[in-house]
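Participant: Just dropping this structure here.
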Amino acid sequence: MTLHLDRRHFLGLAGVTASAAALAACGGPSTTGGGQATSQAADIDFNGVKPAAKIDFWSSHPGQSQDVEKSLIEKFQAKNPGISVNLVTAGANYEEIAQKFQTAQAAKSGLPAVVVLSDVWWFRYYTNGSIIPVDSLTKQLDMKMDDFQQSLINDYKYDGKQWAVPYGRSTPLFYYNKDHFAAAGLPDRAPKTWDEFGQWAPKLKAASGAQYAYIYPALAGYAGWTLQNMLWGWGGGWSKEWDIICDSTESVAALQWAQDSIYKDKWAGVSSKEAADDFSAGLTSATIASTGSLLGILKSAKFNVGVGFLPGGPKAATNVCPTGGAGLGIPSGISKEEQLAAGMFLDFVTQPESTAEFSAATGYMPTRKSADMKAVLAKTPQIQTAVDQLAVTKVQDNARVFLPGADQEMAKAAAKILTQQGDVKSTMTELKATLEGIYTKDVKPKLKA
């Protein structure tokens, strides 16, 4: 059983393992998940159902994907002339589309048939019964689930069911200015560890003329995701299973190092809006940004762009890169006819040819193993680095992706540490209490029978 499946089936396993009591003591569930979420998990019978003639697809167009989404819709409609797909801009980002979806859920009207859902939103839709398991659709439509990149498809497995399919999937990449690195006499590669980059940074800042040697991604929406890299490298994390460990010695050491790079060593900064734009403008010699930013950076940068794996830390040199991005889900509050048409659309946009086209247009990773990426890689060879890094990715911490609102709380804590020079230990102690409170109030009641 893979790590992804271990995590997704943790609730079912906890009640029969020796670690159950210890996990319960630290706030984790010790019984099989049930209640509202499990009641929604029954397979839906689509036998004899005819697909709806029209469906809405809600997207925030991740990775500036509106044009390629329109292209895929046109091709889907040509293949399925009886189904019309209406592309709706439902928000400028994952947060906005999530809020709009929740509003429609509460009103029980105006729901889409297909919705883009991010890594930090899909689980609350599951616990609220807002989305359906797609297993019966994937079987009926013969979607060949084993052809998906397993680390991506498994991110949406829980309670023995598949709750979404991967769409705009990304990892963070280490971006660096090759010209700055050359001017500083540095090797043309990403640093293997953060300590190595710490040794390079003064040379970079002195030789490049850039304001920063490195800029941390904008904290809102990115801190909880990208800082997992440093936390894991130092042997810490936001959580270990359901045990909140953000205040551990290792986690505090990682974030103290990050704070020191800004205030003590003075070679790093924090992006106010979008690190990819800051990097493209030459404000910094290096940053971490999504693979979905790759094509935009290559287009706008006036210098040679390098990409590499994320750096490791003193405790872990590899497997320190989180998966991320968005999937596609189907709401529970619509008709079977709409759900079937939605399933057909999901099947089409995740076909090998479709995912290769989407990757070529955005820089996101192809979600199918059999996707022919030769033409894409010939034009943008840097995408290969993202694909290669997929083999050493690590499943995200429960605290970030399973606790509603936790990502925002992590961003607030990171801002206190990185932009206000707040005490790291006390800030992480406060964050731990907040995260445990979210689990107790908003998650635990919905997962216990």
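Participant: In a Gaussian network model over the chain where Cα atoms closer than 10 Å are linked, find which of 165, 85, 401 has the largest mean-square fluctuation.
Facilitator: Taking springs between Cα atoms under 10 Å, the residue moving most is 85.
Participant: How much of the accessible area of the chain, in percent, comes from carbon and sulfur atoms when a 1.4 Å probe is used?
Facilitator: Carbon-and-sulfur percentage of accessible area, whole number: 52.
Participant: Based on the Kirkwood radius over alpha-carbon pairs, what value in µm²/s does the Stokes-Einstein equation return for the translational diffusion coefficient of the range 173-223 at 37 °C and 0.692 mPa s?
Facilitator: Estimated diffusion coefficient is 283 µm²/s.
Participant: Follow-up. Say R0 is 56 Å: what FRET efficiency, to the nearest 0.05, do residue 353 and residue 440 get from their beta-carbon distance?
Facilitator: It comes to 0.75.
Participant: State in Å² the accessible area per residue of the chain; use a 1.4 Å probe, count heavy atoms of protein chains only, and round to the nearest integer.
Facilitator: 39
Participant: Once the dipole of the chain is set up with Lys and Arg at +1 and Asp and Glu at -1 on Cβ about the Cα centre, which of 102, 262, 118 lies farthest towards its positive end?
Facilitator: Of 102, 262, 118, it is 262.
Participant: Using only the Cα atoms of the range 321-398, each taken as one equal point scatterer with no solvent, compute I(q) by the Debye sum, divide by I(0), and report log10 of the ratio at q = 0.17, 0.18, 0.21, 0.23 Å⁻¹.
Facilitator: -0.77, -0.83, -0.98, -1.06
Participant: Taking 0.36 nm per intervening residue step and subtracting the Cα-Cα distance, what contour gain separates residue 380 from residue 240 on full extension?
Facilitator: 46.7 nm
Participant: Normalized C-alpha radius of gyration of the range 156-289, against 2.2 N^0.38 Å?
Facilitator: 1.17
Participant: Top mean-square fluctuation among 338, 430, 357, Gaussian network model of the chain, C-alpha springs under 10 Å?
Facilitator: Ranking 338, 430, 357 by mean-square fluctuation puts 430 first.
Participant: Okay, next question. Quick one: if you stick a label point 7 Å off each Cα along the C-beta vector at residue 372 and residue 281, how many nm between them?
Facilitator: About 4.2 nm separates the two model spin labels.
Participant: Continuing with the same structure: Report, in deg cm²/dmol and to the nearest 500, the calculated mean residue ellipticity at 222 nm for the chain, where each DSSP H run with n ≥ 4 adds -39500 (n - 2.57) and the sum is divided by the residue count.
Facilitator: -12500 deg cm²/dmol
Participant: Let me ask you something else. With N set to the residue count of the range 331-444, report its C-alpha Rg divided by 2.2 N^0.38 Å to two decimal places.
Facilitator: Rg over 2.2 N^0.38 Å, computed on Cα atoms: 1.54.
Participant: Would you calculate the convex hull of the Cα atoms in the range 219-285 and tell me its volume per residue in Å³?
Facilitator: For the range 219-285, the hull spanned by Cα atoms encloses 97 Å³ per residue.
Participant: Let me ask something else. Quick one: which of 369/441; 273/394; 374/394; 302/369 span more than 28 angstrom between C-alpha atoms?
Facilitator: Table pairs above 28 Å Cα-Cα are 369/441; 302/369.
Participant: Percent antiparallel among DSSP beta bridges with both residues in the chain, to the nearest 5?
Facilitator: Roughly 60 percent of the beta bridges in the chain run antiparallel, per DSSP.
Participant: Next up: What nm distance separates the two modelled labels at residue 318 and residue 337, each placed 7 Å from Cα along Cα→Cβ?
Facilitator: That separation, rounded to one decimal, is 5.4 nm.
Participant: So, one more: Extent of the chain along each principal axis, from alpha carbon coordinates, in Å, largest to smallest?
Facilitator: Here the Cα extents, ordered largest to smallest, are 69, 53, 38 Å.
Participant: If you don't mind, another one. For 234, 163, write out the residues from largest to smallest accessible area, computed with a 1.4 angstrom probe and no ligands counted.
Facilitator: If we order 234, 163 from most to least accessible, we get 234, 163.
Participant: Something else now. Please compute the modelled spin-label separation between residue 196 and residue 102, points set 7 Å along Cα→Cβ, answer in nm with one decimal.
Facilitator: Result: 4.2 nm between the two label points.
Participant: Which of 219, 141, 418 ends up with the largest GNM mean-square fluctuation for the chain, with Cα atoms connected below 10 Å?
Facilitator: 141
Participant: Another one. Can you compute the label reach from residue 178? Point 7 Å from Cα along the Cβ direction, backbone N cut-off under 11 Å, restricted to the range 287-320.
Facilitator: 303-307
The values are calculated or read from the model by the stated rules, or taken from the named source; none is laboratory data. For clarity, every value in this text was computed on a predicted model and none was experimentally measured. We place every Cβ from the backbone using ideal geometry, glycine too, and count neighbours over all the protein chains shown. Just so you know, the surface numbers come from the protein's heavy atoms only, side chains and all, with ligands and any DNA or RNA stripped out. Shrake-Rupley method; radii C 1.70, N 1.55, O 1.52, S 1.80 Å.
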